[in-house]
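Working notes, structure below.
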Amino acid sequence: MYTLYYMPGAASFVVHWLLLEIGARHELRRIDGDAREQKQPAYLKLNPNGVVPTLLVDGEPVYESAALVLLLAARHPAARLAPAPGTRAEEMYLQWTLHLANSVQPAFRNWFYPDEAAGEEHAAVVKERARARVEGAWDRLDAHLAARGPWISGAELSAADFLAAMLARWSRNMPRTALDWPAIARLVAALKARPSFAELSRREGLTEWL
Ligand SMILES: N[C@@H](CCC(=O)N[C@@H](CS)C(=O)NCC(=O)O)C(=O)O
């Protein structure tokens, strides 16, 4: 049994999506970002970083969205969202999951929270550099998908594709959205066509990027 602490459209989005895609039994607890509930003591006991997502896994809190992507794919082999160990597909799956989490997601954090890195007076330059980093990431992901795709790990869909689609969604109001890159646009269109995406959007009350 799982309990997901989430905010609509946030980094919890991919975890929620995978729970639906896998068909895993779960409950949802919405965190009120406007009230900064993620910084309140009750939530900090679960996730001392004060961010979403947190997933209770059999009652124990686990955080970091990419860790939860890997964890859910590994715990539910029947969903076939984690490539077999020791394969080339697994190498690409792990490489890109960690790259998206370690390099691309922090650039988005700078885009959405531009005063965090160096204060309000440097926010414009932080944002501009974040935009360049995100666009560079799309160049490289698109080239990889064109050469080795259609999915991140090759011929088969994996949990990493859902993480990429979430990040692509975050670019929807940037000067260039991820959908300007054709191989990424194809991946995203295929994932958005899945019933889990419609259900996810309905549950989170999302009206953009449908
Ligand atoms: N590395 C973390 C980052 C999570 C993160 O930055 N979450 C954002 C929403 S996308 C958040 O909770 N922001 C609220 C805040 O920072 O107060 C993860 O991937 O789980």
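The values are calculated or read from the model by the stated rules, or taken from the named source; none is laboratory data. This one's a predicted model, so the numbers in the text were calculated from it and none came from an experiment. FYI the Cβ positions are ideal-geometry reconstructions off the backbone, even for glycines, and counts take in every protein chain you see.
Let me spell it out: the conditions are (1) assigned to a helix (DSSP H, G or I); (2) within 14 Å of the ligand (Cβ to nearest atom), and Gly136 meets all of them except one. Which number is the exception?
Gly136 satisfies every listed condition except (2).
I want to confirm something. Restricting to the stretch 168-191 and keeping residues that are outside any helix (DSSP H, G or I) and within 16 Å of the ligand (Cβ to nearest atom), which single residue is surrounded by the most Cβ atoms within 10 Å (Cβ to Cβ)?
Looking at the filtered set, the residue picked out is Ser171.
Just to verify a result, which residue in the stretch 91-133, among those that are among the hydroxyl-bearing types (Ser, Thr, Tyr) and within 17 Å of Val14 (Cβ to Cβ), is farthest from the ligand (Cβ to nearest atom)?
Step by step, filter the stretch 91-133, then rank; the result is Tyr93.
Answer yes if at least one residue in the stretch 13-22 is among the aliphatic types (A, V, I, L, M), within 12 Å of the ligand (Cβ to nearest atom) and under 30 Å from Pro150 (Cα atoms), and no otherwise.
Yes: the stretch 13-22 contains one or more residues that are among the aliphatic types (A, V, I, L, M), within 12 Å of the ligand (Cβ to nearest atom) and under 30 Å from Pro150 (Cα atoms).
Under 6 Å by Cβ, and 6 or more places apart or on different chains, what pairs join a residue from the stretch 170-188 that is within 18 Å of Phe108 (Cα to Cα) with one that is modelled with pLDDT under 95 and assigned to a loop (DSSP other than H, G, I, E, B)?
Arg172/Trp209
Looking only at the stretch 142-165, filter to residues that are out of contact with any strand residue (DSSP E or B) (no Cβ under 8 Å at 6 or more places or on another chain) and outside any helix (DSSP H, G or I); which one of those is surrounded by the most Cβ atoms within 10 Å (Cβ to Cβ)?
Restricting to residues being out of contact with any strand residue (DSSP E or B) (no Cβ under 8 Å at 6 or more places or on another chain) and outside any helix (DSSP H, G or I), the top hit is Ile152.
Do you know which residues across the stretch 23-32 are within 18 Å of the chain's Cα centre (by Cα) and within 12 Å of the ligand (Cβ to nearest atom)?
If the condition is that a residue be within 18 Å of the chain's Cα centre (by Cα) and within 12 Å of the ligand (Cβ to nearest atom), then Ile31 is the only one that fits.
Do you know which residues across the stretch 35-75 are within 11 Å of the ligand (Cβ to nearest atom) and touching a residue at least 60 places away in the same chain (Cβ under 8 Å)?
Ser65, Ala66, Val69
Just the residues that are acidic (Asp, Glu) and surrounded by 16 or more Cβ atoms within 10 Å (Cβ to Cβ), please, taken from the stretch 118-141.
Glu135
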